[in-house]
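Have a look at the structure below, then the notes.
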Amino acid sequence: MKKELNLKSVQTQKYIQAWLAAMIRAGGQTTTDQHAQARIAVCEVCQHYSQVQPIPGLKMPGCLICGCPSLTKAHMKTYFSIGKMGLKVSECPHPHGNKWQAVDEIFSNN
């Protein structure tokens with residue numbers, strides 16, 4: 001039997017809050033909740049959307065390409081990339097191009 005992820009669990013909520021707070025402290029900018037939900041809707045129909053494990057023992061829905069949980073990356077316009085050692089625009093890493101582009105264009109005009 002497959003165990004359902006409890007997105008309201010204390011561990012999940014603490015991880016999401018801590019990650020978002022760290023990205024904001026590092027200079028990242030957040031999207032609106034409506035923008036993030038539109039991005040997540042794009043993710044949910046992608047073949048690369050499944051369970052990721054951002055930290056040991058915590059599995060969340062996310063991208064198998066970049067490993068990011070959709071509940072964190074989708075909320076960021078920009079975020080601090082350790083690999084790039086600087087701020088990076090939050091984009092979908094799909095091999096055929098940024099699947100969030102159309103959604104991002106709609107919300108950038110609001």
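Neighbours of Y79, meaning other residues whose beta-carbon lies under 15 angstrom from its beta-carbon, give a summed charge of +4 when Lys and Arg score +1 and Asp and Glu score -1. Hull volume per residue, based on the alpha-carbon atoms of segment 10-108 and their convex hull, is 101 Å³. Distant-in-sequence amide contacts of S90, defined by a placed amide H-H separation under 5 Å and a gap of 5 or more residues or a different chain, comprise T78, Y79.
Rounded to the nearest 20, the Cβ-based charge dipole of the chain about its Cα centre (Lys and Arg +1, Asp and Glu -1) stands at 380 debye.
Note on the chain: Lys pairs 8 or more places apart or on different chains, Cα atoms under 14 Å apart, count 7.
In deg cm²/dmol and to the nearest 500, what is the mean residue ellipticity at 222 nm of the chain if only DSSP H runs of at least 4 residues count, each as -39500 (n - 2.57), divided by the residue total?
So the helix-based figure for the chain works out to -10500 deg cm²/dmol.
In a simple Cβ point-charge model (Lys, Arg +1; Asp, Glu -1; nothing else charged), segment 61-110 has a dipole of about 160 debye relative to its Cα centre.
No value in this document is a laboratory result; all are computed from the given coordinates. What you see is a predicted model, and the numbers here were worked out from it, not measured in a lab. With ideal geometry, Cβ positions are generated from the backbone for all residues, glycine too; neighbour counts draw on all protein chains shown.
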